[in-house]
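K.L.:
The structure that follows is given in the form of C-alpha cells.
The values are calculated or read from the model by the stated rules, or taken from the named source; none is laboratory data. Computed from a predicted model, the values in this text were never measured in an experiment. Reconstructed Cβ throughout: ideal geometry from the backbone, glycine too, with neighbour counts over all protein chains shown. Just so you know, the surface numbers come from the protein's heavy atoms only, side chains and all, with ligands and any DNA or RNA stripped out. Shrake-Rupley method; radii C 1.70, N 1.55, O 1.52, S 1.80 Å.
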Amino acid sequence: KIELPTMILQLASRRAAGQITPYLSSTVSQLRCNHLLRCSSSAATFSTTKPTASQASTTNSSSQNNPLGKYAVPSRYLQPHPNNNITPHIASLVGRDLHLRPSHPIGIIRSKIQEYFASLSNSTKDNTTYEIFDAEDPIVTAQQCFDDLLIPPDHPGRAPSDTYYVTDTSLLRTHTSAHQSQHLRSGVDAFLCCGDVYRRDEIDATHYPAFHQMEGVKLMSTESMIGADGLSDEQWLQSPECQLIEADLKATLEGLMDHLFGPTEKRWNEDFFPFTQPSFELEIYHNNEWMEVLGCGVIHEQVLDLSNRSDRRGWAFGLGLERLAMILFKIPDIRLFWTEDERFHRQFKEGKIVEFQPYSKFPPVFKDIAFWTDDDKVTNKDDFVENDFFDLVRSTAGDLVEKIELIDSFTHPKTGRSSRCYRISYRSMDRNLTNEEIDELQFKVRDETATLGCELR
C-alpha cells in the first residue's frame, strides 16, 4: 500500500473547506501519478527549503529513463499559503532540467552558448573566464527577482496575474536575472546562469508558462574604469568608460550570434530595462526577416550598489533558449520541448543542430466558451484577469491545449456587464483527439470557469 503524500491530503481538505479554487484540486490526480512514479521516495511535505539528500538521490536514481533534477519535488511549490497561485501542472514541470539534457534541443543550445564563452577565455582580445551556474534553486525571493533589479513595486510583472508565488515573499523565478545580485555579492566577476523560469502568460505555439533563459554578466577591470569615478549619471552615460563597456558588450554578443547562426546581418535598437542603463535589444536577419534574439545593457549603478559591488562597472544580457531553439531547429510548437515522445527525442544528438522533422500533424478540435465577467459593483470595472483563465484551462486540459484566442467581447448597453468569448484549440502532438474526450474536458473547463466569478452564457 502506498500512502498519498501529505500535500495531496491537505489540498483535498483545503478544497473541501473552500480555501482554494476547484480548478487547483481538479488536477490532484496528476500529482497522484507523480507520487506513484516516485513511490520509493519519502512522503512529501510542504517546505520551501531545498530538497533533502534522500529526496535528491531518489529523484536522480530514476533519471536514466525520465531525467528529473533535484528540485522535482512538487510539494515544495504547492504551499498552503493564501498567496500561493501555483497549480499542480506548473509544480510538475519544475525540476525537469531540459537545459541539462545534452541531446535535448534546449541543452544543445545551452552547451553551444557556454562553448562560445569558454573560447573567449583563450582569446588574445578577451581572456575573461566565465563561471557556470546552471543548477540554481528556482524558488527565489521577491527581493532577488525584483527589488535588487530596481523593478518597482507597481510593475505589472510583480502582480500575481503574471508571476507564480509560493508565499507572499517567495516565488518561482520569472527570469535568471534573479540570481544576478547573489553571484555578484559572492565576488564573481563574470558568469553565465541558466535555468527554467516561470511566467503566467497567453497560450499559443510560442508561449508556455515554463521556459529557459541564459543570463550573462561581466564586470570590467578596475584599471579600465578609473576615469568613471565621481561622475554624475549624465556624465557617466557620455563617458569613454561607458562607451567601452557598450562596445565590449556588443562585440561579444555579435560574436555569439555568428557562433550560433553563422555570419549574419545584425542591428541594435535602444531599449529600456530597469536594471541596465543604457539598454539595447539585438536583432538578426534570418530567413528573410528581422528577429529579436536578446536584450542587454550596461549594468545600472544602483544594481551594483545593492550587490555590494559599487567599485565596479560591467554589462549583462539575457536570452530565451526556446526562442533560439525554435529558430535553429525549426521546431513549430513550444510544447514539443516538454514531450517524452521518442519520435521527437531521437532526432537530436549532442552538439548537433539539425532541422526538426514533424512526425505527425493531427487535426485540432475547436471549442468555444462565452461568459459574463465579474464586474466591480462600485466602479463597474471589469476585474477579470485573463491569465487566471489561461492558467485554469491549462491546469484542466494540460498540454492538449494548443491555443486560446479571444474571438469576441462586448459590453451590454443596458446592464454595463462585460462578456467575453474564447476559442480553445485542442490538439495532441501524438494522436488524434475525439470529440467525446474533448467535450468532457470542455465541460470541466466550463465548470471551473465559474470559480473565477464568471457567469457562463
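K.L.:
Which condition from (1) out of contact with any Gly (no Cβ under 8 Å at 6 or more places or on another chain); (2) more than 21 Å from Ile113 (Cα to Cα); (3) open to solvent by less than 70 Å² (accessible area, probe 1.4 Å) is the one that Glu342 breaks?
P.N.:
Only one criterion in (1) out of contact with any Gly (no Cβ under 8 Å at 6 or more places or on another chain); (2) more than 21 Å from Ile113 (Cα to Cα); (3) open to solvent by less than 70 Å² (accessible area, probe 1.4 Å) is unmet by Glu342, namely (3).
K.L.:
Can you tell me which residue within region 289-314, out of those that are of a type outside the set (A, V, I, L, M) and under 22 Å from the mean Cα position of the chain (by Cα), is most open to solvent (accessible area, probe 1.4 Å)?
P.N.:
Among those residues, the one meeting the criterion is Glu292.
K.L.:
Just to be sure I understand the filter: pairs with C-beta atoms under 6 Å, separated by 6 or more residues or on different chains, first member in region 255-269 and within 11 Å of Ile113 (Cβ to Cβ) and of a type outside the set (Ser, Thr, Tyr), second member part of a helix (DSSP H, G or I) and modelled with pLDDT of 95 or more. Which pairs pass?
P.N.:
Leu256/Tyr116; His259/Tyr116
Matching residues to (1) modelled with pLDDT of 95 or more; (2) among the small types (Gly, Ala, Ser); (3) touching a helix residue (DSSP H, G or I) at 6+ places or on another chain (Cβ under 8 Å); (4) within 20 Å of Gly157 (Cβ to Cβ):
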| residue | (1), (2), (3), (4) |
| --- | --- |
| Asp204 | no, no, no, yes |
| Asp233 | no, no, yes, no |
| Gln238 | no, no, no, no |
| His259 | yes, no, yes, no |
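K.L.:
Further, regarding this structure: What are the residue pairs meeting all of these: first residue in region 212-235, first residue touching a residue at least 24 places away in the same chain (Cβ under 8 Å) and at negative phi, second residue among the hydroxyl-bearing types (Ser, Thr, Tyr) and in a loop (DSSP other than H, G, I, E, B), Cβ atoms under 8 Å, and 6 or more apart or on different chains?
P.N.:
Gly216/Tyr130; Lys218/Thr128; Lys218/Tyr130; Ala228/Ser239
K.L.:
Test Phe356 against the stated conditions and say whether it is open to solvent by less than 50 Å² (accessible area, probe 1.4 Å), under 29 Å from Val188 (Cβ atoms) and at pLDDT 95 or above.
P.N.:
no
K.L.:
Need at least 1 residues that are buried (at least 17 other Cβ atoms within 10 Å of the Cβ) and of a type in the set (Asp, Glu) per element, so show me which strands (runs of 3 or more DSSP E) inside region 106-219 make the cut, counting only ones lying wholly within it.
P.N.:
Passing ranges, in order: 190-198, 210-219.
Results for (1) in contact with a Pro (Cβ under 9 Å, 6 or more places away or on another chain); (2) small (Gly, Ala, Ser), shown as yes or no for each residue.
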position	(1), (2)
Glu283	no, no
Gly295	no, yes
Gly314	no, yes
Leu321	yes, no
Glu355	no, no
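K.L.:
Restricting to region 398-424, give me the number of residues that are touching a strand residue (DSSP E or B) at 6+ places or on another chain (Cβ under 7 Å) and either surrounded by 19 or more Cβ atoms within 10 Å (Cβ to Cβ) or within 26 Å of Thr163 (Cβ to Cβ) (or both).
P.N.:
12
K.L.:
Also, I was wondering about something else. So which residues in region 398-432 are in a loop (DSSP other than H, G, I, E, B) and among the β-branched types (Val, Ile, Thr), if there are any at all?
P.N.:
Scanning region 398-432 gives a single hit, Thr415.
K.L.:
For region 433-453, indicate whether the set of residues that are of a type in the set (Gly, Ala, Ser), open to solvent by 40 Å² or more (accessible area, probe 1.4 Å) and in a helix (DSSP H, G or I) is non-empty.
P.N.:
Yes: region 433-453 contains one or more residues that are of a type in the set (Gly, Ala, Ser), open to solvent by 40 Å² or more (accessible area, probe 1.4 Å) and in a helix (DSSP H, G or I).
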